[in-house]
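This report refers to the structure that appears directly beneath it.
The values are calculated or read from the model by the stated rules, or taken from the named source; none is laboratory data. Quick caveat: nothing in here was measured; it's all calculated off a predicted structure. Because the Cβ atoms are built from the backbone with ideal geometry, glycine has one as well, and the counts that use them run over all protein chains shown. Just the protein is used for accessible areas: all its heavy atoms, side chains included, with ligands, DNA and RNA removed. Shrake-Rupley method; radii C 1.70, N 1.55, O 1.52, S 1.80 Å.
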Amino acid sequence: MEGGDPEPRDPGAAPASSLFNISMVKLHQSLRHVEPNLRHLVLVANTLRRMQDQMQREARGPDSPEAPSVVDSPAPVSDSRDSGLEPCRQPPSDSQGDDLLLSTMDTSISTILEDLGQVEVLSPARPEEEQPLAGASGARQEPARTSAPCLGPLELLSSASYLLEDGLEDIFEDIDTSMYDCDLWSPTSLSGFKAFSGAEDSDSKALAGAEDRLDMSDLDYLMDVLVGGHAL
Amino acid sequence: MAGVAGGGGGGGGNDFQWCFSQVKGAIDEDVAEADIISTVEFNYSGDLLATGDKGGRVVIFQREQENKSRPHSRGEYNVYSTFQSHEPEFDYLKSLEIEEKINKIRWLPQQNAAHFLLSTNDKTIKLWKISERDKRAEGYNLKDEDGRLRDPFRITSLRVPILKPMDLMVEASPRRIFANAHTYHINSISVNSDHETYLSADDLRINLWHLEITDRSFNIVDIKPANMEELTEVITAAEFHPHHCNVFVYSSSKGTIRLCDMRSSALCDRHSKFFEEPEDPSSRSFFSEIISSISDVKFSHSGRYMMTRDYLSVKVWDLNMENRPVETYQVHEYLRSKLCSLYENDCIFDKFECCWNGSDR
């Protein structure tokens, strides 16, 4: 965006996607500090909310907010983090910018939520139940829940707040440690390596098939390194 | 760099001509980060001007007495005292460094020959005493001129020490340290009209202190939500009323001012008055809230009005009218069309201060 770029003439227009992205970046940066500048954080978050509301309104089109809420998408909720995305997900509209904008929004929000997931998973919002609310009021008065999940970064503050609280275990919940389970790395399992790699990694299976001996020794070497590291 | 503006009478009517009277500090481009001035405050008489910088230093300027040989000079300000108020600290619990940057300085009303001021960084407030020494005593009985103690048994006669003039020395000494009362960053301090108490405000809380007591403070405002994810507003400035020691105001990032009366309850979460100007729908934009965020609030000396500063304007409010200001001044309206770029480079978050002149004009 160039400097001096005029404001959108229509105050009701959705923001340019670059503006939205910039805001997301700012929010991210703010949250990265151990002690974020609260005023900056709050102002950016509120500005983002305004933009999102505007974008949602635009995506719903010029028809009344009472129209069957398009937010009611039956997208499967795979884990509680994604549930926060429900209210923000919109079906692609005709406007060419929208697809890009909305997918960018989704990506950005997911990024923030991933960071969040390390500290505390979003309180699982139940999107199906909240859709009628969102559709009916279409307004800013909806409970913080519906809009907050999109801007859950502030939850980061509540749990990390300024002192680390008890939820420390939660930080590591989502890390998959099954790869490092001891029995898999015992020497006896090395002979069955081919089977092991076949189960865990389809790529290495393809590799092993093509040039057996060479790849086996490579993988053996790797295993040794890893086992050695694990032993440390 | 500090600029001290001297006002001169204008050509006609009420027009003031403003011009720079003095500029203190380095003019070249390369200014060390630590020298950047972060706060400025005159004392009550205007004879002293205190500046705080990012390096935690306070420099006080004193106005020279006007003399007849230079009748046009309004009195130049020269360095009076320099001292290190705050040092960088390390918070081991949170593993972060607390900046030594001075956020605010407030003078106490003068009660004797010495001057007192409060200076604060993000977390700690300090009371400093600045005193002059222009005489020293000579002819002690128990001490040599070098300061070595004399053997009392050797003293055969007593003498009265005499006071001799010496070069003026200005000393600053920390008298009180008010620490560990703020979780968030302190943005304001304000001395009460009772001259005994003062308040300190951070993003979410305001505490009341007694100047003599450093290990205790009272929390009088707390806007921290139960869940931080519901946080939508922070405190940006706070000030005591100049005459009513039970009244204070605080401003928010949403452009509102709340007036509170400490007599109504111990925790002033419910305001007595709420000042907010409705948003002008024609100038609404995504940045409306950011530019409405109030960065400073000051009562007039009369106590009848208060002035607030937001990003683009200064507003004067009558305390008896809550729904809109009585006067609004656009300070740099030309920036309104550039809000987008100012947002990108974070300049839109800059804070400005405001103040009344001596006669509230």
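Give the average, rounded to an integer, of partner chain Cβ atoms located within 10 angstrom of each Cβ in B:223-230.
For this peptide, the per-residue mean of nearby foreign Cβ atoms is 5.
Ranked from highest to lowest mean number of other Cβ atoms within 10 Å per residue, what is the order of the peptides B:43-54, B:125-136?
Answer by packing, highest mean first, reads B:43-54, B:125-136.
Just the Kirkwood number for region B:20-120, please: inverse of mean 1/r across all distinct Cα pairs, in Å, one decimal.
Computed over region B:20-120, the radius equals 15.3 Å.
Would you mind telling me which residue in B:Phe90, B:Phe299, B:Phe42 has the biggest mean-square fluctuation in a Gaussian network model of chain B, where springs connect alpha carbons within a distance under 10 angstrom?
The residue that fluctuates most here is B:Phe90.
Please give the average number of partner chain Cβ atoms lying within 10 Å of the Cβ of each residue in A:40-49, rounded to a whole number.
6
At B:His243 and B:Lys129, where each label point lies 7 Å from the Cα along Cα→Cβ, what is the point-to-point distance in nanometres?
3.3
Could you give the length gained on full extension between B:Arg175 and B:Asn323, defined as 0.36 nm per residue of separation minus the Cα-Cα distance, in nm?
Length gained, B:Arg175 through B:Asn323: 49.0 nm.
Rounded to the nearest percent, how much of the accessible area of chain B (1.4 Å probe, protein heavy atoms only) is carbon and sulfur?
Roughly 49 percent, rounded to a whole number.
For peptide B:330-337, what's the mean number of Cβ atoms from other chains within 10 Å of each residue's Cβ?
1
With r as the distance between the Cβ atoms of B:Arg148 and B:Phe16 and R0 = 41 Å, compute the FRET efficiency 1/(1 + (r/R0)^6) and round to 0.05.
0.10
Anything losing 50 Å² or more of accessible area from the isolated chain to the full protein assembly: pick those residues out of region B:276-310, probe 1.4 Å, ligands and DNA/RNA ignored.
Checking the loss per residue gives B:Arg284, B:Phe286, B:Glu289.
What FRET efficiency comes out for the pair B:Arg284/B:Ile213, r = Cβ-Cβ distance, R0 = 41 Å, nearest 0.05?
0.30
In the structure displayed, which of B:Lys126/B:Lys224; B:Lys94/B:Lys338; A:Lys26/B:Lys126 lie more than 29 Å apart, Cα to Cα?
In this structure, B:Lys94/B:Lys338; A:Lys26/B:Lys126 exceed 29 Å between Cα atoms.
Mind checking the per residue accessible area of chain B for me, 1.4 Å probe, whole number of Å²?
In whole numbers, chain B has 55 Å² accessible per residue.
What order do you get for B:186-195, B:320-329 when each peptide is scored by the mean count of other beta carbon atoms within 10 Å, highest first?
Ranking, from highest mean packing down: B:186-195, B:320-329.
In whole angstrom, note down how far apart the Cα centers of region B:294-326 and region B:81-138 are.
Taking the Cα centre of each part, region B:294-326 and region B:81-138 sit 29 Å apart.
Loop-only GluC sites (Glu not before Pro) in region B:139-238, please: DSSP not H, G, I, E or B, and at most 11 other Cβ atoms within 10 Å.
In loop regions of region B:139-238 (DSSP not H, G, I, E or B), the sparsely surrounded GluC sites (Glu not before Pro) are B:Glu145, B:Glu212.
Which shape class applies to region B:180-331: rounded if a/c is under 1.5, otherwise prolate when a/b exceeds b/c and oblate if not, where a ≥ b ≥ c are the square roots of the Cα gyration tensor eigenvalues?
In terms of gyration-tensor shape, oblate.
Can you show me the helix-derived [θ] at 222 nm for chain B, built from DSSP H runs with n ≥ 4 at -39,500 (n - 2.57) apiece and divided by the number of residues, rounded to the nearest 500.
Estimated from H runs of four or more residues: -500 deg cm²/dmol.
Starting with the highest mean, order B:273-282, A:27-36 by the number of other Cβ atoms within 10 Å, averaged over the residues of each peptide.
Top of the packing list down: A:27-36, B:273-282.
Which trypsin sites (Lys or Arg not before Pro) does region B:145-229 hold that lie in a coil by DSSP with at most 16 other beta carbons within 10 Å?
Sites meeting the loop and neighbour criteria: B:Arg148, B:Arg150, B:Arg159.
Taking Cβ-Cβ under 4.7 Å as the only way to count a partner, pick out the unpartnered cysteines of chain B.
B:Cys19, B:Cys245, B:Cys340, B:Cys347, B:Cys354, B:Cys355 - these cysteines have no disulfide-compatible partner (Cβ-Cβ under 4.7 Å) in chain B.
When N counts the residues of region B:124-171, how does its alpha-carbon radius of gyration compare numerically with 2.2 N^0.38 Å, as a ratio?
Output field value: 1.64.
When the Karplus curve 6.51 cos²θ - 1.76 cosθ + 1.60 is applied with θ = phi - 60°, which whole-Hz ³J(HN,Hα) does each residue of region B:96-106 get, with x for Gly and Pro?
Going residue by residue, I get 8, 8, 8, 5, 8, 3, 7, 8, 8, 10, 9 Hz, with x marking Gly and Pro.
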